[in-house]
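Asks: Sending over a structure as structure tokens; questions will come in a sec.
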Amino acid sequence: MPQKKRVFSFAARSPIAAAIAGAPSWVGRAVGGALLFILALPGVAPAHGEAVKDVSCVPPARWMSPTTGNVIEETKLIGAMAQESVVLLGETHDNRDHHRWQLYTMAALYAVHPDMVIAFEAFPRRVQPVLDRWVHGDLSESAFLRRSEWNTVWRFDPSLYMPLFQFARMHRIPMVAMNVDRALIGAINRKGVGGVPPKDREGIGLPAPPAPQYRAILKTVFDQHDAAQHPKKTKSPPHAPAADHSGKNSRFDHFVAAQLTWDRAMAEAISRARHGAAKPLVIAIAGRGHLEYGYGIAHQLKALGVADVATLIPWDPNRPCAALKSHDRAIADAVFGLPSHPEDPHPDKPKLGVLIAPAPKGAPAGVKVEDVVAGSVGAVGGIHKGDIIVAAAGRPTKDVETLIATIRAQAPGTWLPLKVFRAGATMTIIAKFPAHPGGTADTPKPTGR
């Protein structure tokens, strides 16, 4: 990340060990054929209804400089951030406190600099007209989520993000879809950049080469995911040479190219939002793996000539202090200590445990199973990767939203009949949901072809 004079002495970002602990969901989603694997973030969670003692090196409810370890006065920090061209706000996608912090920070910046644009990783650029209609007040929440294909393109609980969307609409702040279709990232992951024709790259330019530390982080994540995907893979003999990931056509190099293209696409969207006479302050909402240590979006913005970029990160109480900085890089320009507090239990929503997408052209109308989570209700019930689910509970599954709504309507301990098209024939599969969260489903057998 570029260095410049600021109100505070913030250093550049930092790499490896701690970054792996926060391996971002975008890394998992781009590995392999299925694009929706989400790596779990390690950590110790308090029991419901109990608060844990704050032992973090970042004081709770305070801003801190990772470089100096000093607490930063909030008014000074917000004033300094409002002078930037771009402020990147990180998140773990399913962490409700992270989104509350984003809203609070965004509102503070808006009070100082109301000429603002908010860019979201959650949306691919093809749904930009839907975001425009939402901001203009033309759509209800349900229509907005349906038309933006939320359950297809992002899939996290929309209530996590809706306060941010409502804030943008209430103040008529333009929203920018800064992501791209997963199919593009998946194609680059399989074939490399050279294997995808320029006409299919959605106009994205070639990304700037990664810093060596970023490549090292991605290598570790790649290896971890590879091991998780192939747990029974035969290990190399003790004296066998290590796998070569340095070649231009290796799977790892394609994986790196996919991540860099992802970062580049979002950086280009941010840069475009800065164009024009007004040059508004751009707030970008993205997974912290794209932001931390300045290796992702900020690195690509610098290559595009956007230098005034700041990164702010929420700091969880259990995160190791070693993550704040390493070598010559700090994790962000400033971090905000999230206090620990008791949380009411949130009942787990019913999950089939399959990764789904619209059925491809030529296939029966329905929803295609991109992958199946091992041990899930779907796996136990007999669903296979590549199946087309054509009906659920007697209703045709005309789209992803229909299937998700049917699954979410299931009560604990109930059975869900599914009609599945596989290998030219249709069969009925019974998916049994456990009687309580965390329970284990029985093993029903597929019936009837």
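The values are calculated or read from the model by the stated rules, or taken from the named source; none is laboratory data. Model, not experiment: these values are computed from the prediction. Neighbour counts run over all protein chains shown; Cβ positions are idealised from the backbone, glycine included.
Asks: Taking segment 257-280 on its own, how many of its residues are surrounded by fewer than 23 Cβ atoms within 10 Å (Cβ to Cβ) and either closer than 13 Å to Ile185 by Cα or among the polar types (S, T, N, Q) (or both)?
Replies: Looking only at that region, the number is 1.
Asks: Taking the options Ile383, Ile389, Ile356, name whichever one is of a type outside the set (D, E, K, R) and more than 14 Å from Ile407 (Cα to Cα).
Replies: Ile383 is the lone residue from the list that is of a type outside the set (D, E, K, R) and more than 14 Å from Ile407 (Cα to Cα).
Asks: Look at segment 254-300 and say how many of its residues are in contact with a His (Cβ under 7 Å, 6 or more places away or on another chain) and either assigned to a loop (DSSP other than H, G, I, E, B) or at pLDDT below 95 (or both).
Replies: Looking only at that region, the number is 1.
Asks: While we're looking at this one, here's another question. Just to be sure I understand, how many residues within segment 95-154 are in contact (Cβ under 8 Å) with a residue 60 or more places away in the chain, under 25 Å from Ala357 (Cα atoms) and among the β-branched types (Val, Ile, Thr)?
Replies: The qualifying residues number 1.
Asks: Mind checking which strands (runs of 3 or more DSSP E) fall wholly inside segment 301-370 and carry at least 2 residues that are over 26 Å from Ala265 (Cβ atoms)?
Replies: Of the strands (runs of 3 or more DSSP E) lying wholly inside segment 301-370, those with at least 2 residues that are over 26 Å from Ala265 (Cβ atoms) span 334-337.
Asks: Can you give me the ranges of the helices (runs of 4 or more DSSP H) entirely in segment 126-215 with at least 3 residues that are over 20 Å from the mean Cα position of the chain (by Cα) and not basic (Lys, Arg)?
Replies: By residue number, 128-135, 141-147, 158-170.
Table: residues versus (1) within 15 Å of the chain's Cα centre (by Cα); (2) surrounded by 21 or more Cβ atoms within 10 Å (Cβ to Cβ).
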position	(1), (2)
Ile283	no, yes
Ala286	yes, yes
Glu292	yes, yes
Ile297	yes, yes
Leu301	no, yes
Gly305	no, no
Val309	no, yes
Asp316	no, no
Cys321	no, no
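Asks: Right, another one. For Asp333, only one of the following conditions fails: (1) of a type in the set (Asp, Glu); (2) over 22 Å from the mean Cα position of the chain (by Cα); (3) within 30 Å of His99 (Cβ to Cβ); (4) crowded, with 20+ Cβ neighbours inside 10 Å. What is its number?
Replies: (2)
Asks: Take the residues of segment 371-393 that are in a loop (DSSP other than H, G, I, E, B) and among the small types (Gly, Ala, Ser): which is surrounded by the most Cβ atoms within 10 Å (Cβ to Cβ)?
Replies: Here the answer is Gly382.
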